[in-house]
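Below is one structure; the comments refer to it alone.
The values are calculated or read from the model by the stated rules, or taken from the named source; none is laboratory data. Quantities reported herein were computed from a predicted structural model and do not represent experimental measurements. Because the Cβ atoms are built from the backbone with ideal geometry, glycine has one as well, and the counts that use them run over all protein chains shown. Heads up: the accessible areas ignore ligands, DNA and RNA and are worked out on the full protein's heavy atoms, side chains in. Shrake-Rupley method; radii C 1.70, N 1.55, O 1.52, S 1.80 Å.
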Amino acid sequence: MAMNPKIKSSLVFCLKLVVTIVPAYIVYRNIVSDPEWDIGDLYRLFSWNSVLPFVLALLCLGLSNFSACLQWKLLLEKQNVHLKYGHLLKLYYVGLFFNNFMPGNVGGDVKKIYDIRMQGGQDTVGAGLTATFFDRLFGLFFVTLFTLGMGALFFVYDDMQRAFIWPSIWIFLGFCAMFACLCSRRLGRFCCNLASKVLPAKVGARLVRMFMRFQAFRSFKLWVQISLLSAVTQSLRILVHYYCGNAVGVDLSISWYFYYIPLVAIISALPISIGGFGPRELLAQSLFARAGVPGLESVVIQLLAYFVSLVLSLFGAITFLLGGKPDEQGDRAK
């Protein structure tokens, strides 16, 4: 007997609420368990010296959004969805605004796919889904390379830090296998045939259609372009955390951020909590403790980086509230 959709939705929300609250409570207990803890410690983290790093964090995230939107545009064009960059940038910022409040930071992706459909009609749903899904996957894949690179350069001989290279290796291999299945004709057909034997016919047919769409990304030039854009985008977003650390007086080499933040980003992307809260802060607190960063500072860095994202996403909130009709002349998906 099928479960009532409303009951199922409520149960899923409750589970995500638990996954959000329990780690957040552990983080809180880790901070206040210090005998010398005082609420004044939080206020003492900030001073006038925090202003410049905060502005630099805003600048880095703003620039990263421009390069990320350009990457999204290239992927959409491979799916024959052609929209002006300025218009896509507005849709991208609206998506960023929704990401701040949806589970696993994926609500904004759903909104972007919906907006693409509104611009180009029902036929662009699959194209928008494919491009947006691939864009998200590739960003997480590329950021994993930073952990592997920093691990090989600086942490491979450190017994306390070397253990974190292994999760990144498995994540990297998992992404490689996924891209191989999505972009390889033989592997893709094999996976589709296998899935069609266990999935309903309609689901299997949709899976085959999506697989065919991913074949449009079989372009060496495209992979070079999005690799360069991802390198810029993900580096700038890690710099956001670095400057947030500077804002609260954490004197830590940038290599630590390039080693730890990718793992935090991957956990945040999982749709297991509300807005990424809870697991993100708990993991960051655990990781940065190994670099000698106090629990309070490590958590505040994550919250400050989230605040930076929230400030910039206000542009998307304004765009969403003002609404606006799709351009009828030359700015529709083809």
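Looking at the range 181-191 only, could you name the residues that are open to solvent by less than 60 Å² (accessible area, probe 1.4 Å) and over 16 Å from residue 133 (Cβ atoms)?
Our first condition is that a residue be open to solvent by less than 60 Å² (accessible area, probe 1.4 Å); within the range 181-191, this holds for 181-184, 188, 191.
Once the filter is applied, which keeps residues that are open to solvent by less than 60 Å² (accessible area, probe 1.4 Å) and over 16 Å from residue 133 (Cβ atoms), the range 181-191 yields only 184.
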(message) Can you tell me how many residues within the range 86-108 are at pLDDT 75 or above and in contact with a helix residue (DSSP H, G or I) (Cβ under 6 Å, 6 or more places away or on another chain)?
(response) 12
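Yes or no: residue 139 under 30 Å from residue 213 (Cα atoms) and in contact (Cβ under 8 Å) with a residue 24 or more places away in the chain? Steps first, answer last, please.
Details: under 30 Å from residue 213 (Cα atoms): yes; in contact (Cβ under 8 Å) with a residue 24 or more places away in the chain: yes.
Against the criterion (under 30 Å from residue 213 (Cα atoms) and in contact (Cβ under 8 Å) with a residue 24 or more places away in the chain), residue 139 qualifies.
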(request) Return only the number of the condition from (1) among the hydroxyl-bearing types (Ser, Thr, Tyr); (2) crowded, with 17+ Cβ neighbours inside 10 Å; (3) under 22 Å from residue 50 (Cβ atoms); (4) out of contact with any Lys or Arg (no Cβ under 9 Å at 6 or more places or on another chain) that residue 259 does not satisfy. (result) (3)
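Check 311, 299 and return the single one that is modelled with pLDDT of 90 or more, in a helix (DSSP H, G or I) and buried (at least 20 other Cβ atoms within 10 Å of the Cβ).
Values: 311 fails: buried (at least 20 other Cβ atoms within 10 Å of the Cβ).
After applying the criteria, what remains is 299.
Among the candidates 139, 174, 149, single out the residue that is closer than 30 Å to residue 206 by Cα, at pLDDT 85 or above, more than 15 Å from the chain's Cα centre (by Cα) and of a type in the set (Gly, Ala, Ser).
On the way: 139 fails: more than 15 Å from the chain's Cα centre (by Cα); 149 fails: closer than 30 Å to residue 206 by Cα.
174 is the lone residue from the list that is closer than 30 Å to residue 206 by Cα, at pLDDT 85 or above, more than 15 Å from the chain's Cα centre (by Cα) and of a type in the set (Gly, Ala, Ser).
Here are 198, 232: which of them is touching a residue at least 60 places away in the same chain (Cβ under 8 Å), among the β-branched types (Val, Ile, Thr), farther than 24 Å from residue 110 by Cβ and open to solvent by 30 Å² or more (accessible area, probe 1.4 Å)? If you could, list the steps in order and put the result at the bottom.
Working: 198 fails: touching a residue at least 60 places away in the same chain (Cβ under 8 Å).
After applying the criteria, what remains is 232.
Filter the range 201-220 down to the residues that are open to solvent by 40 Å² or more (accessible area, probe 1.4 Å) and under 24 Å from residue 68 (Cβ atoms) and list them by number.
First, the residues of the range 201-220 that are open to solvent by 40 Å² or more (accessible area, probe 1.4 Å): 201-203, 205-210, 212-213, 218, 220.
Once the filter is applied, which keeps residues that are open to solvent by 40 Å² or more (accessible area, probe 1.4 Å) and under 24 Å from residue 68 (Cβ atoms), the range 201-220 yields 210, 213, 218, 220.
Does residue 223 count as surrounded by 13 or more Cβ atoms within 10 Å (Cβ to Cβ) and farther than 26 Å from residue 303 by Cα? Walk me through how you get there before you give the answer.
Working: surrounded by 13 or more Cβ atoms within 10 Å (Cβ to Cβ): yes; farther than 26 Å from residue 303 by Cα: yes.
In short, yes.
Restricting attention to the range 247-277, and to residues there that are of a type in the set (S, T, N, Q) and within 16 Å of residue 23 (Cα to Cα), which single residue is farthest from the chain's Cα centre (by Cα)? Spell out how you get there, then give the answer.
Step one: filter the range 247-277 for residues of a type in the set (S, T, N, Q), giving 253, 255, 268, 273.
Imposing the further condition that a residue be within 16 Å of residue 23 (Cα to Cα) reduces the set to 268, 273.
Values: 268: 7, 273: 14 Å.
The residue in question is 273.
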(message) Scan the range 6-16 and tell me whether some residue there is open to solvent by 20 Å² or more (accessible area, probe 1.4 Å), part of a helix (DSSP H, G or I), at pLDDT 85 or above and among the aromatic types (Phe, Trp, Tyr).
(response) no
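What tally of residues in the range 60-87 results from selecting those that are part of a loop (DSSP other than H, G, I, E, B) and open to solvent by 40 Å² or more (accessible area, probe 1.4 Å)?
Start the filter on the range 60-87 by keeping residues that are part of a loop (DSSP other than H, G, I, E, B), which leaves 79-84.
Checking which are open to solvent by 40 Å² or more (accessible area, probe 1.4 Å) leaves us with 80, 82, 84.
Of the residues in the range 60-87, 3 are part of a loop (DSSP other than H, G, I, E, B) and open to solvent by 40 Å² or more (accessible area, probe 1.4 Å).
So that you can scan it fast, the table gives a plain yes or no per residue for (1) at pLDDT below 90; (2) farther than 16 Å from residue 144 by Cα:
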site: 237; (1), (2): no, no
site: 245; (1), (2): no, yes
site: 266; (1), (2): yes, no
site: 269; (1), (2): yes, no
(request) Count, please, the residues in the range 25-59 that happen to be among the β-branched types (Val, Ile, Thr), under 16 Å from residue 297 (Cβ atoms) and either open to solvent by less than 40 Å² (accessible area, probe 1.4 Å) or not in a loop (DSSP other than H, G, I, E, B) (or both). (result) 3
